[in-house]
Amino acid sequence: MNRTGGCHLYAVDLASAVAVSAIYAGFAGMTAADGQPVYDGPAWLLWLIVAAVGLPIALRRRWPLPVMGVVLAPSPPLPSWT
């Protein structure tokens, strides 16, 4: 990708990744005042989930195929009858 023309696209991806990560971290800090389930797991797991959501968004334009492989690797294969 052109270094001068595509820099703003990288910035958009980075801003999107930071926003989505902040939303995930914010939801984890919510209380159960409204009756919804609350996250009470370890902090390291929270940050691992936040990174697993945010990093592919931030890196997808720079390394599209490796990011796609990492994102799709945990998904089960489609059954042959679908």
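Once the C-beta distance of W47 and L9 is scaled by a Förster radius of 25 Å, the resulting FRET efficiency is 0.40 to the nearest 0.05. Stokes-Einstein diffusion for the chain at 20 °C, viscosity 1.002 mPa s, with a Kirkwood radius from C-alpha pairs, works out to 142 µm²/s.
For the chain, carbon and sulfur atoms together expose 73% of the accessible surface, with a 1.4 angstrom probe and every protein chain in place. Adding -39500 (n - 2.57) for every DSSP H run of four residues or longer, then dividing by how many residues the chain holds, sets the calculated 222 nm ellipticity at -19500 deg cm²/dmol. Take the chain, connect every pair of alpha-carbon atoms lying under 10 Å apart with a spring to form a Gaussian network, then pick out the residue of P37, P64, P56 with the largest mean-square fluctuation. Most flexible of the set in this elastic network: P37.
The values are calculated or read from the model by the stated rules, or taken from the named source; none is laboratory data. Predicted model only: the values in this text are computed from it and were never measured. Cβ coordinates were reconstructed from backbone atoms using ideal geometry, including for glycine residues, and neighbour counts include every protein chain displayed. Keep in mind that these areas ignore ligands, DNA and RNA; they rest on the heavy atoms of the full protein, side chains included. Shrake-Rupley method; radii C 1.70, N 1.55, O 1.52, S 1.80 Å.
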